[in-house]
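S.K.: Handing you this structure, nothing more for now.
The values are calculated or read from the model by the stated rules, or taken from the named source; none is laboratory data. For clarity, every value in this text was computed on a predicted model and none was experimentally measured. Note that we place each Cβ from the backbone using ideal geometry, even for glycine, and neighbour counts take in every protein chain shown.
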Amino acid sequence: MDMVGVTRRSSTRVAVLAIGLVLISGMSSLSRSGPSESATAAETAPTSAAATATAPTPTCPRPKLTSTRATGGTTQFGWLLQPGPSTTQQRDWLQYNVTAGTVICDSVTLTNSSRRAVSVQLYAADAYNIAADGGFAFTAFHQRTRGVGTWITLPITKVTVASGRAVTIPIVVRVPATVTPGDTAGGVVARETRVRHGQKVSGVDVGVRAGVGVRLYANVAGVRRPELSLTDLELHLRGGLLSRFLGSSTAIVTYRVGNAGNVRLSPTSGGKVTTRTRTIGLPEHEFAELLPGSPRIAVEDSVHGLRWGSLIGRVRVEVTVTADGAEAVTMEKSVWRVPWLSLIALAAAIALIATVLVVRRRRHRVTGDVAKDAEDAEELDPVAS
């Protein structure tokens, strides 16, 4: 959610209105659910064959809105944006197999199941993966587009839909002549014009500007190059002062997974941490969809229970990333542990034992010398008669 702060001043207080944009992948089969649930449903839906919305033509019909009775699913906002009607199949998203210069005439449908009219502003967006968790996201309203968002033309950008109605809105997709082969993604986003006010938090009036998006996937003909990337592998041993005597209790493993090719991938990552005494597996991570060119996804895992095996010697981590159609990538990293405090304590103990032995030996020698002197003295003294 992109938050924008707007400050309003009055004579008695200052209220801050936070305006957010929630992007949802439109799906015709959605029931009443929140934006995150909608996005997840779209990600886990099976990939369908590329839709042929309308045969590619040099020009598209004159744009017009088509209104029908609202049917099907909705979202928590009471309205939903989804792909327009197709004569061939029901679609969860817009998907095309294209070549350079292709022109596609298609549509999206905004369904208003709420009890009031809904006014939205439409815009074309690029798609990317969120670096924190790999989630699918659209670029924000005022953000400049550089990919599929530049291919999409919206003849109509502002629409008001009455309660209980659905409006089909035309779109035009023009593939550039200089496009490169591979998979790319973007979408059409409907952004509600009004702000929905929520609860006050610490005197701040928080509101949300709802937005719902329809994904658009384009598979550009040409050489396909699936390639994974695995970078920035790090291993840190934790455990505080006690770890210097008993070994680290926890290992922190961090790395980044990316898509270095030109094909959408759904990779899985995993690995293991190995000490002198044991091997512990890392959690497995599944990424629903990594888009080419998106930021690399950060992963952090914690491994517990190392202890004695990590006290001295080498602790090694190995991470592997795999995906259907792509070559697996593996990285390794080692950390050598020298338990300085343990060695110092051991040296101190040895020194103490040596000191005790030396002192005892000296005492024994002194005692022996005294006894011998006493015996010699008795031999020299005359015996009284």
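S.K.: For region 294-309, enumerate the residues that are surrounded by fewer than 18 Cβ atoms within 10 Å (Cβ to Cβ) and not acidic (Asp, Glu).
M.R.: Pro295, Ala298, Ser302, His304, Gly305, Trp308, listed by residue number.
S.K.: So is Leu357 at pLDDT 75 or above and outside the structural domain of Glu234 (by TED's automatic domain parsing) or not?
M.R.: So Leu357 fits the description; yes.
S.K.: Give the residue, chosen from Ala131, Ala127, that is of a type in the set (A, V, I, L, M) and at pLDDT 95 or above.
M.R.: Ala127
S.K.: Moving on to the next point. Being modelled with pLDDT of 95 or more, surrounded by fewer than 16 Cβ atoms within 10 Å (Cβ to Cβ), at negative phi and not assigned by TED's automatic domain parsing to the domain that holds Ser294 narrows it down to one residue among Thr88, Thr150; which is it?
M.R.: Thr150
S.K.: Return the residues of region 274-307 that are small (Gly, Ala, Ser) and part of a strand (DSSP E or B); say none if nothing qualifies.
M.R.: Residues satisfying the conditions are Gly281, Ala298, Ser302.
S.K.: With Thr193, Thr145 as the choices, which residue is of a type in the set (Ser, Thr, Tyr) and more than 24 Å from Trp79 (Cα to Cα)?
M.R.: Thr145
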